[in-house]
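Presented below is the structure to which this report refers.
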């Protein structure tokens, strides 16, 4: 497979490149903050919004373009209209956040998308992702390019330096207590980064044309469950009981939902049936993530 990855050097892109660079002929386009040339890939450093930069790229034929970092309306249009080579399949990494919120229903791929434009950074992120999905589907029809849309949610794993599970792992490694939140009883969902990378691989290799998939583990996760797993990694780790408001006042990291009104539930089973992927259990994935971050935080 000859693939072009847009944004292939940070977290999911990094894991994807590390996993498949020996199997695929990979070209990466990114801003150049992290180089992946040690993995034998071709790299081009450019601003994805620069139409001329896309026109200047060698006109190659790619079995797939994997877009990991389309965040603004027009991002996909710039690529498809400006790149002079051939794109045989366009894969967009979207998000489960595109679904219409607070319906009380478990959201599978048939659930309606959000039509409201919420204020703030998260609201803008959702609004743009919904627009980008529509943009890709329209361009797919106009330019006869098959598409696949993957919608992951709460990705965790090695190389995730976003302030999520790494905050809790850092506390565990440094000997700070974790908090058991007595009133945070509603579960949420996560997905291991290597499972998302596998979903991308299968979508490309099995040519999942004109398909949309949630990529999220149905396993119910709570802060208590995360604490139990991290305590297996650090047996001397202390766990203190607190209410949510107490944790907030103590500036305890809360990277995942804690209130019922924040909870949304998704069905990630369709991709298992269609593409044969399996989800990594939280205990296995979080332990591997802990092992990856341990040397980073132990030296601090």
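Looking only at region 98-132, count how many residues are without any contact (Cβ under 8 Å) to a residue 60 or more places away in the chain, more than 14 Å from residue 264 (Cβ to Cβ) and in a helix (DSSP H, G or I).
Selection size over region 98-132: 10.
Name the residue, out of 213, 223, that is under 18 Å from residue 272 (Cβ atoms) and surrounded by 15 or more Cβ atoms within 10 Å (Cβ to Cβ).
Of 213, 223, the one residue that is under 18 Å from residue 272 (Cβ atoms) and surrounded by 15 or more Cβ atoms within 10 Å (Cβ to Cβ) is 213.
Got a number for residues in region 15-49 being in contact with a helix residue (DSSP H, G or I) (Cβ under 9 Å, 6 or more places away or on another chain) and closer than 27 Å to residue 122 by Cβ?
Residues flagged as in contact with a helix residue (DSSP H, G or I) (Cβ under 9 Å, 6 or more places away or on another chain) and closer than 27 Å to residue 122 by Cβ within region 15-49 amount to 8.
Any residue in region 87-97 that is closer than 17 Å to residue 26 by Cα, part of a loop (DSSP other than H, G, I, E, B) and out of contact with any helix residue (DSSP H, G or I) (no Cβ under 6 Å at 6 or more places or on another chain)?
Checked against the condition, which is being closer than 17 Å to residue 26 by Cα, part of a loop (DSSP other than H, G, I, E, B) and out of contact with any helix residue (DSSP H, G or I) (no Cβ under 6 Å at 6 or more places or on another chain), region 87-97 yields at least one hit.
Considering only region 226-235, I want to know if a residue exists there that is out of contact with any strand residue (DSSP E or B) (no Cβ under 8 Å at 6 or more places or on another chain) and within 23 Å of residue 99 (Cα to Cα).
For region 226-235, residues out of contact with any strand residue (DSSP E or B) (no Cβ under 8 Å at 6 or more places or on another chain) and within 23 Å of residue 99 (Cα to Cα): absent.
From the list 240, 245, 228, pick out the single residue that is outside the structural domain of residue 17 (by TED's automatic domain parsing), over 30 Å from residue 71 (Cα atoms) and assigned to a strand (DSSP E or B).
Of 240, 245, 228, the one residue that is outside the structural domain of residue 17 (by TED's automatic domain parsing), over 30 Å from residue 71 (Cα atoms) and assigned to a strand (DSSP E or B) is 240.
Tell me, yes or no, whether region 25-45 has at least one residue that is outside any loop (DSSP other than H, G, I, E, B), under 17 Å from residue 58 (Cβ atoms) and free of Cβ contacts under 8 Å to residues at least 12 places away in the same chain.
Yes, that holds for at least one residue.
Return the pairs, sorted by first residue and then second, in which the second residue is part of a strand (DSSP E or B), the first residue lies in region 204-215 and is more than 21 Å from residue 110 (Cβ to Cβ), the beta carbons are less than 7 Å apart, and the residues are 6+ apart or on different chains.
Close Cβ pairs satisfying both conditions: 204/3; 204/64; 204/91.
Restricting to region 50-66, and then to whatever is within 14 Å of residue 26 (Cβ to Cβ) and assigned to a strand (DSSP E or B), can you tell me which residue is farthest from the chain's Cα centre (by Cα)?
Per the criteria, the residue is 62.
Only one of (1) crowded, with 22+ Cβ neighbours inside 10 Å; (2) assigned to a helix (DSSP H, G or I); (3) under 21 Å from the mean Cα position of the chain (by Cα) fails for residue 172. Which number is that?
Residue 172 satisfies every listed condition except (3).
For region 9-27, give me each residue that is touching a strand residue (DSSP E or B) at 6+ places or on another chain (Cβ under 9 Å) and either surrounded by fewer than 19 Cβ atoms within 10 Å (Cβ to Cβ) or closer than 19 Å to residue 155 by Cβ (or both).
Answer for region 9-27, where residues must be touching a strand residue (DSSP E or B) at 6+ places or on another chain (Cβ under 9 Å) and either surrounded by fewer than 19 Cβ atoms within 10 Å (Cβ to Cβ) or closer than 19 Å to residue 155 by Cβ (or both): 9, 10, 11, 12, 13, 16, 17, 20, 25.
Out of everything in region 226-240 that is within 30 Å of residue 95 (Cα to Cα) and touching a helix residue (DSSP H, G or I) at 6+ places or on another chain (Cβ under 7 Å), what residue ends up being surrounded by the fewest Cβ atoms within 10 Å (Cβ to Cβ)?
229
Considering 76, 80, which residue is under 20 Å from the mean Cα position of the chain (by Cα), in contact (Cβ under 8 Å) with a residue 12 or more places away in the chain and buried (at least 18 other Cβ atoms within 10 Å of the Cβ)?
Among 76, 80, only 76 is under 20 Å from the mean Cα position of the chain (by Cα), in contact (Cβ under 8 Å) with a residue 12 or more places away in the chain and buried (at least 18 other Cβ atoms within 10 Å of the Cβ).
Does region 241-270 hold any residues that are surrounded by 14 or more Cβ atoms within 10 Å (Cβ to Cβ) and farther than 24 Å from residue 213 by Cα, and which are they?
242, 244, 246, 247, 252, 253, 254, 255, 258
The values are calculated or read from the model by the stated rules, or taken from the named source; none is laboratory data. From a predicted model like this one, the values you see are computed outputs, not experimental measurements. Glycine also receives a Cβ, built like all others from the backbone with ideal geometry; neighbour counts cover every protein chain displayed.
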